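Since the structure comes first, as structure tokens, the remarks are kept for the end.
The values are calculated or read from the model by the stated rules, or taken from the named source; none is laboratory data. As the structure is a prediction and not an experimental result, all values here were calculated from the model. For accessibility, only protein heavy atoms count, side chains too; no ligands or nucleic acids. Shrake-Rupley method; radii C 1.70, N 1.55, O 1.52, S 1.80 Å.
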Amino acid sequence: MRDYPWSSVGQGYALPASKRPEWLAASEGLVAAQCSDTAGGRRSFVERLDKRVREEGGRRAGLIEPANDRRRSHLRHGWYWGSQSFAEQMLKLARKGVRSRKNRTYRSAALAQAHDEAEAKRLLAEGVAAAGLENELLERLPGSDIRKVALADLLLTCTVVRQSWISDQLAMRSAANVSQQVRRYRARTRPKLPPRLRNYISAVKIC
């Protein structure tokens, strides 16, 4: 039980009184469990809980090992608790939130960043192909190249990846340059793009 960082056991009952949160009435809990508030008593309390889990069975006791919990996200800072249908519903909502880009808190979250980096890589690969650009050519072209800027605008519109990430992927020198070039690009009435790239960007933004 001590291995779960969100548990009051690892964060309170297993710790000396001086290291516990002031609001946690662990001493009273230990007394109720007939365990002394000493190193040995606290160890006995944890062992008793572990024994209960083993005897009753983890599933019956409501305990799910992190490695076997498919309801828990693999992401570092994001997790949920629910059925598979609930998980699918949450993913749909997350994708919708990414497209709308209305929630600034979500855009700054690790969950959004992890999800969007994978999406951004997919869009970038398809966009580079539609633009007829190769990786070697990207390095040689200036950061103001209209095809690069159009792809940067697409990534900023459809994902929440950082401008520094876009700058690195498209060889656009810096995040500040990405911001400046995209701002100029958006001010144009009808940027001249290769037809295939223009059609690809239009199709992505419609979706």
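All told, Arg99 falls short of being among the basic types (Lys, Arg) and modelled with pLDDT of 85 or more. Against the list (1) at pLDDT below 90; (2) closer than 24 Å to Val204 by Cα; (3) not small (Gly, Ala, Ser), the condition Glu139 fails is (2). Evaluation of Ala112 against the conditions (1) open to solvent by less than 10 Å² (accessible area, probe 1.4 Å); (2) modelled with pLDDT of 70 or more shows that the sole unmet condition is (2).
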